[in-house]
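Input: a single structure, listed below in structure tokens.
The values are calculated or read from the model by the stated rules, or taken from the named source; none is laboratory data. Everything numeric in this text was worked out from a predicted model, so none of it was measured. Virtual Cβ from ideal backbone geometry, glycine too; neighbours counted across all protein chains shown.
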Ligand SMILES: Cc1cc2nc3c(=O)[nH]c(=O)nc-3n(C[C@H](O)[C@H](O)[C@H](O)COP(=O)(O)O)c2cc1C
């Protein structure tokens, strides 16, 4: 993990963003690499500062590139994201080729400036029914080879997963239902990657403003993606802002919460 020193001053919020000061970097590294030590020390202020820092960046400085090490960290936070039953329904394309970016831009009204200027562009795919159905080869082999579950546990987990898909969540009603369920989990990875980027002082923009059918056609023709197996969830651009974003607007907490204590 890069030890990014120094501070970024966010004048709008009067907050000093002390990103990954040496002490914090050390503690996080220990927590990641030493399973016995789970104490994580990062202050509420640092967390909130990262959330204020993150905004949907509309245009990046095309001359500034994210360090490889930092982008690997961002991807790693996507990989480590939680998923339903742990079945990891995502796949990430990192699109650095200019021609391929241009093809995506053609049908992406929400990313006209972000796509060409981003240091790194992600296309986030979600796995379709071929992988995600309870009886698929992918699910069984993931439980056996990645989750290292014994056969009897795999059998029981498939039974629970079958009920979950068939009746609890009714995910098998159409290909689209199952795909949307997989797709919504990819947004957890998206959120984590944008947050970790912000913690490293890196800007981002989630992008859903595109013509889905046309983009899937591009993915099939130009990226050799089998769109029977994978569909697009969203894109995410990462880089460094070329100018300050608009002030953050959010409803007050009272408008979006209700405590249910009694
Ligand atoms: C799923 C999703 C899709 C989005 N798609 C786009 C997009 O295509 N283009 C864009 O400029 N912003 C896009 N945004 C950014 C939102 O407009 C932005 O997050 C929102 O207005 C709040 O502003 P903030 O992120 O700067 O706080 C998207 C955000 C999300 C979560």
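Against the list (1) assigned to a helix (DSSP H, G or I); (2) away from the ligand (no atom under 16 Å from the Cβ), the condition residue 65 fails is (1). Just one of the listed residues (182, 189, 197) is surrounded by 19 or more Cβ atoms within 10 Å (Cβ to Cβ), modelled with pLDDT of 95 or more and under 19 Å from residue 137 (Cβ atoms), and it is 182. Scanning the stretch 245-262 for residues that are assigned to a loop (DSSP other than H, G, I, E, B) and away from the ligand (no atom under 16 Å from the Cβ), we see that the one that is surrounded by the most Cβ atoms within 10 Å (Cβ to Cβ) is 257. Scoring residue 72 on the criteria (1) over 12 Å from residue 237 (Cα atoms); (2) surrounded by fewer than 20 Cβ atoms within 10 Å (Cβ to Cβ); (3) touching a residue at least 24 places away in the same chain (Cβ under 8 Å); (4) within 15 Å of the chain's Cα centre (by Cα) leaves a single failure, condition (3).
For residues that are more than 16 Å from the ligand (Cβ to nearest atom) and not in a helix (DSSP H, G or I), scanning just the stretch 39-62, find the one that is farthest from residue 236 (Cα to Cα).
Result: 39.
Kindly check whether there is at least one residue in the stretch 125-144 that is within 16 Å of the ligand (Cβ to nearest atom) and buried (at least 20 other Cβ atoms within 10 Å of the Cβ). Reasoning before the result, please.
Kept after step one, since they are within 16 Å of the ligand (Cβ to nearest atom), are these residues of the stretch 125-144: 125-126.
Okay, now just the ones that are also buried (at least 20 other Cβ atoms within 10 Å of the Cβ), so 125-126.
There is at least one residue in the stretch 125-144 that is within 16 Å of the ligand (Cβ to nearest atom) and buried (at least 20 other Cβ atoms within 10 Å of the Cβ).
On inspection, residue 221 fails the criterion of being surrounded by 17 or more Cβ atoms within 10 Å (Cβ to Cβ), under 22 Å from residue 96 (Cβ atoms) and without any contact (Cβ under 8 Å) to a residue 60 or more places away in the chain. Looking at the structure I just gave you, is residue 179 in the same structural domain as residue 119 (by TED's automatic domain parsing) and within 14 Å of the ligand (Cβ to nearest atom)? No: the conditions fail for residue 179. Quick check on the stretch 227-244. Is at least one of its residues within 16 Å of the ligand (Cβ to nearest atom) and at pLDDT below 95? The answer is no; no qualifying residue exists.
Of the residues 96, 106, which is under 17 Å from residue 216 (Cα atoms) and in the same structural domain as residue 211 (by TED's automatic domain parsing)? So the residue among 96, 106 that is under 17 Å from residue 216 (Cα atoms) and in the same structural domain as residue 211 (by TED's automatic domain parsing) is 106. Considering only the stretch 195-206, I want to know if a residue exists there that is more than 14 Å from the ligand (Cβ to nearest atom) and over 16 Å from the mean Cα position of the chain (by Cα). Yes; the residues of the stretch 195-206 include at least one that is more than 14 Å from the ligand (Cβ to nearest atom) and over 16 Å from the mean Cα position of the chain (by Cα). Among all residues of the stretch 207-218, there is at least one that is exposed (fewer than 15 other Cβ atoms within 10 Å of the Cβ), touching a strand residue (DSSP E or B) at 6+ places or on another chain (Cβ under 7 Å) and more than 15 Å from residue 121 (Cα to Cα).
When residue 221 is tested against (1) under 18 Å from residue 136 (Cα atoms); (2) part of a helix (DSSP H, G or I), just one condition goes unmet, and that condition is (1).
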